[in-house]
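One structure is given here, and the rest of the page talks about it.
The values are calculated or read from the model by the stated rules, or taken from the named source; none is laboratory data. Note that the coordinates shown come from a computational prediction; the quantities given were computed from them, not determined experimentally. Ideal geometry is used to build each Cβ from the backbone, glycine not excepted, and the neighbour counts take in all protein chains shown.
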């Protein structure tokens with residue numbers, strides 16, 4: 001089939017693969033390769049990557065995660081915090097991303113506005129975490145001082161408590177990722193045939209009715225894509241938690257990513273850290289794969 005293409009078509013395909021190659025190489029070396037390296041390690045008692053005095057222990061690490069009281073409590077507590085954050089972070093996807101996408105779609109697409117909204121995505125997670133600490137410092141945090149001055153708070157918000165990582169952190173992370181999800185939802189909105197919207201207007205449908213009966217049903221593939229990214233990104237949160245003291249003093253910031261890092265590199269229990277990572281990774285991949293298949297099916301059915 002490639003031989004039957006014109007030179008222009010061949011050149012277009014080759015250029016597409018050329019631009020795809022760097023991202024593909026990074027994905028294979030930073031995601032797929034570490035997974036294959038980790039799989040044999042979970043069946044050993046390896047302490048570090050340089051540990052030479054190790055042996056295979058079969059399924060013992062997996063059994064220990066679910067049957068050792070200390071390990072099980074540590075893992076389930078971190079998983080619970082991560083899931084609560086995931087729920088709030090998923091809400092922020094729509095609070096920021098969908099709201100801004102609808103706003104830009106209705107008033108008209110503006111390149112400069114999109115750039116401003118997308119800029120926070122360029123921030124590092126570590127910088128975002130330190131910003132959260134400064135904004136919500138109990139003694140000098142700007143937001144705390146403003147809310148206290150307005151009388152909306154009796155006591156300052158402590159970002160390092162459970163409420164901070166469950167509520168405040170998702171809001172800040174949602175603000176950072178607003179431009180990313182804006183692009184996903186805006187693409188879904190722009191794919192809606194104008195004839196369906198015009199027909200709804202002629203029939204006298206209100207804006208809310210158009211949203212739930214015209215816009216959203218045709219945006220389901222975009223919603224599913226956003227769900228996949230929100231799920232995976234929520235479990236990948238790490239740098240923000242480091243800035244908030246997750247590695248040394250803040251129990252509320254001990255998400256599953258922090259616990260895995262602590263076991264793998266802090267406590268010199270590499271095999272246990274890898275085991276927890278794989279146990280967490282496999283269900284996420286299965287859910288993401290199922291959602292992706294659903295998105296493809298709906299995309300062709302709509």
Please name all residue pairs, on different chains or six or more residues apart, with Cβ atoms under 7 Å, provided the first residue is in segment 215-227 and is closer than 20 Å to residue 195 by Cα and the second residue is at pLDDT 90 or above and not in a helix (DSSP H, G or I). 215/192; 218/192
Look through segment 199-210, keep the residues that are buried (at least 16 other Cβ atoms within 10 Å of the Cβ) and assigned to a helix (DSSP H, G or I), and return whichever of them is farthest from the chain's Cα centre (by Cα). 200
Can you find a residue in segment 80-92 that is closer than 18 Å to residue 273 by Cβ, in contact with a helix residue (DSSP H, G or I) (Cβ under 7 Å, 6 or more places away or on another chain), surrounded by fewer than 16 Cβ atoms within 10 Å (Cβ to Cβ) and at pLDDT 85 or above? no
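Just the residues that are assigned to a helix (DSSP H, G or I) and either under 12 Å from residue 240 (Cα atoms) or touching a residue at least 60 places away in the same chain (Cβ under 8 Å) (or both), please, taken from segment 144-167. Before you say what the answer is, go through the steps one by one.
Taking segment 144-167 as the starting set, the residues that turn out to be assigned to a helix (DSSP H, G or I) are 144-150, 162-167.
Correct list: 162, 164, 165, 166, 167.
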Of the residues in segment 34-79, how many are in a helix (DSSP H, G or I), surrounded by 12 or more Cβ atoms within 10 Å (Cβ to Cβ) and in contact with a helix residue (DSSP H, G or I) (Cβ under 8 Å, 6 or more places away or on another chain)? 13
Mind listing whichever residues of segment 100-126 are loosely packed, with under 14 Cβ neighbours inside 10 Å, under 19 Å from the mean Cα position of the chain (by Cα) and part of a helix (DSSP H, G or I)? 119, 122
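For residue 31, are the conditions met, namely being under 26 Å from the mean Cα position of the chain (by Cα), under 19 Å from residue 265 (Cβ atoms) and not in a loop (DSSP other than H, G, I, E, B)?
Working: under 26 Å from the mean Cα position of the chain (by Cα): yes; under 19 Å from residue 265 (Cβ atoms): yes; not in a loop (DSSP other than H, G, I, E, B): yes.
Yes, satisfied.
Of the residues 261, 281, only one is out of contact with any strand residue (DSSP E or B) (no Cβ under 9 Å at 6 or more places or on another chain), in a helix (DSSP H, G or I), within 30 Å of residue 59 (Cβ to Cβ) and at pLDDT below 90; which?
281
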Pick from 119, 126: which is in contact with a helix residue (DSSP H, G or I) (Cβ under 6 Å, 6 or more places away or on another chain), over 19 Å from residue 226 (Cβ atoms) and at pLDDT below 90? 126
Restricting attention to segment 184-196, the residues that are in contact with a helix residue (DSSP H, G or I) (Cβ under 9 Å, 6 or more places away or on another chain), surrounded by fewer than 16 Cβ atoms within 10 Å (Cβ to Cβ) and in a helix (DSSP H, G or I) number exactly 3
